[in-house]
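Written below as structure tokens is the structure these notes are about.
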Amino acid sequence: MLDFRMVDSSPTRAPSPLLETLVVGAGVAGLTCAGALRSAGRQVVVLERAHGIGGRCATRRFDGQGVDFGPLFAHGHHPAFLKALREVEAEPLRDWPRRVEGGGPPCQPGALEPTVRRVAFAEGMKAFPRHLARGLEIRLETRVTGIRAVPGGFEVVAGDGPPLRCRDLVLALALEQTRRLLDTLEPFPQAAGLRALLGLFGSVPCLTVMAGYALDAPVPAWDVLYPEASDALQLVAQDSTKRAAPRFRTFVAQARPKWSRQHLDAPTEQWGRELLDEAAGHLGPWAATPLWTYPHRWRYARLGPTSELAEPLRIEFPGGARLGLAGDVFSPGGGLQAAWLSGIRLADRFLQEPS
Ligand SMILES: Cc1cc2nc3c(=O)[nH]c(=O)nc-3n(C[C@H](O)[C@H](O)[C@H](O)COP(=O)(O)OP(=O)(O)OC[C@H]3O[C@@H](n4cnc5c(N)ncnc54)[C@H](O)[C@@H]3O)c2cc1C
């Protein structure tokens, strides 16, 4: 059930009124920022290029059964982030994964440390962004391709319609997507410094395969396996252990960054097959022939090592317009917690200084 408002973004000739705040990106960072601004009474519109919300916090449904193909679970220690997770109206699976095997590194350093809280959701990780999206005005399938500073605000080229005008603009995207959009903004005083700063960091890709089997397929004794010796596999997760009444036994295989980079532009069927075969090497030969399989290429999955800034950025433009940058690179630690914190902190910074 959708409880955010989707708005028709089909072309229209009517001039766009000046919006108070436009947020580009309906991932965790953008939704969090938009929600906090809206709660404080600001007018906010979110633009999202995809046909759904959530960005990398993604769940796909197969015959009604969710499979998480971005983060498998949320983890963190920041009290406000943990509170936000507790508020999600979905059945929480605390401390998932309980059964972890293998000595390979987890996807995020520290994800499995005893002081870190973990939670997944029985209906899928997308429950989190869906909760964050409540009450927001979100224009789906609206890709932003250019931004321009105009007196007192910004013009944003989005979809096929006329440019949208706003006073404050928030970019809440993967790092490389932010850099690309900033390149369309004609030089402004901080441009060179900002480009140099953001150029220091980078995301790593993650080739991912989801696979479904009959429920009588053998059951491994782990929720997540980190196969230390594999050059290809970062992890294999038994996703169906998160589901209340699974119809399939489902597994998700995520490739290591190096292997993903090497195979990023290879045909999908080729790397999908190789990854599945590698997973079958750990599960058993039966796993090479699933009932269904679905590969997904994440070009910008997670931040590379040491890719993080302490705070979201806010840049003043002439006439009182403000550009804000949020997303997982703009808070320590990366991942969902950082994305969420960057959104909250950017909204705070916008609200502290009256517009
Ligand atoms: C396979 C995988 C495993 C992961 N594992 C973990 C983990 O274990 N723990 C953890 O904490 N994190 C993990 N992450 C990372 C985590 O998912 C991200 O850090 C977090 O979701 C980033 O949120 P965000 O809002 O910053 O960006 P995103 O989720 O990328 O949101 C950006 C949004 O902007 C949209 N967009 C992009 N360009 C445009 C445009 N031009 N116009 C309009 N919209 C646009 C995108 O479609 C997207 O919806 C994982 C990610 C992946 C892919």
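The values are calculated or read from the model by the stated rules, or taken from the named source; none is laboratory data. A quick note: this is a predicted structure, and the numbers were derived from the prediction, not measured. A quick note on method: Cβ atoms are made from the backbone with ideal geometry, for glycine too, and the neighbour counts reach across all protein chains shown. Remember, those area values only see protein heavy atoms, side chains included, never the ligands or the DNA or RNA. Shrake-Rupley method; radii C 1.70, N 1.55, O 1.52, S 1.80 Å.
Could we say that Glu113 is out of contact with any Asp or Glu (no Cβ under 7 Å at 6 or more places or on another chain), free of Cβ contacts under 8 Å to residues at least 40 places away in the same chain, away from the ligand (no atom under 12 Å from the Cβ) and not assigned by TED's automatic domain parsing to the domain that holds Lys258 here? In short, no.
In the stretch 212-234, the residues that are closer than 28 Å to Arg261 by Cβ form Cβ pairs under 6 Å with partners that are among the hydroxyl-bearing types (Ser, Thr, Tyr) and open to solvent by less than 80 Å² (accessible area, probe 1.4 Å), at six or more places apart or across chains, as follows: Gly212/Thr250; Asp223/Thr241.
Residues that are within 26 Å of Arg302 (Cβ to Cβ), touching a residue at least 60 places away in the same chain (Cβ under 8 Å) and more than 16 Å from the ligand (Cβ to nearest atom) within the stretch 180-199 comprise Leu194, Leu197, listed in sequence order. Whenever a residue of the stretch 256-273 is in contact (Cβ under 8 Å) with a residue 24 or more places away in the chain, its partners that are aliphatic (A, V, I, L, M) and part of a helix (DSSP H, G or I), lying with C-beta atoms within less than 9 angstrom and at least six residues away or across chains, give the pairs Trp259/Leu275; His263/Leu275.
A single entry from Arg86, Arg61, Arg42 fulfils the requirement of being modelled with pLDDT of 95 or more, closer than 19 Å to Asp348 by Cβ, of a type in the set (Lys, Arg) and more than 12 Å from the ligand (Cβ to nearest atom): Arg42. For Gly135, the conditions (1) open to solvent by less than 20 Å² (accessible area, probe 1.4 Å); (2) among the small types (Gly, Ala, Ser); (3) more than 11 Å from the ligand (Cβ to nearest atom); (4) over 13 Å from Leu22 (Cβ atoms) all hold with the exception of (1). Pull up the stretch 282-305, narrow it to residues that are touching a residue at least 24 places away in the same chain (Cβ under 8 Å) and outside any strand (DSSP E or B), then point me to the one that is nearest to Ser230 (Cα to Cα). The selected residue is His282. Within the option set Gly76, Gly66, being surrounded by 18 or more Cβ atoms within 10 Å (Cβ to Cβ) and near the ligand (Cβ under 9 Å from one of its atoms) holds for one residue only, Gly76. Residues in the stretch 302-331 that are touching a helix residue (DSSP H, G or I) at 6+ places or on another chain (Cβ under 8 Å), more than 16 Å from Leu198 (Cβ to Cβ) and more than 11 Å from the ligand (Cβ to nearest atom): Arg322 only.
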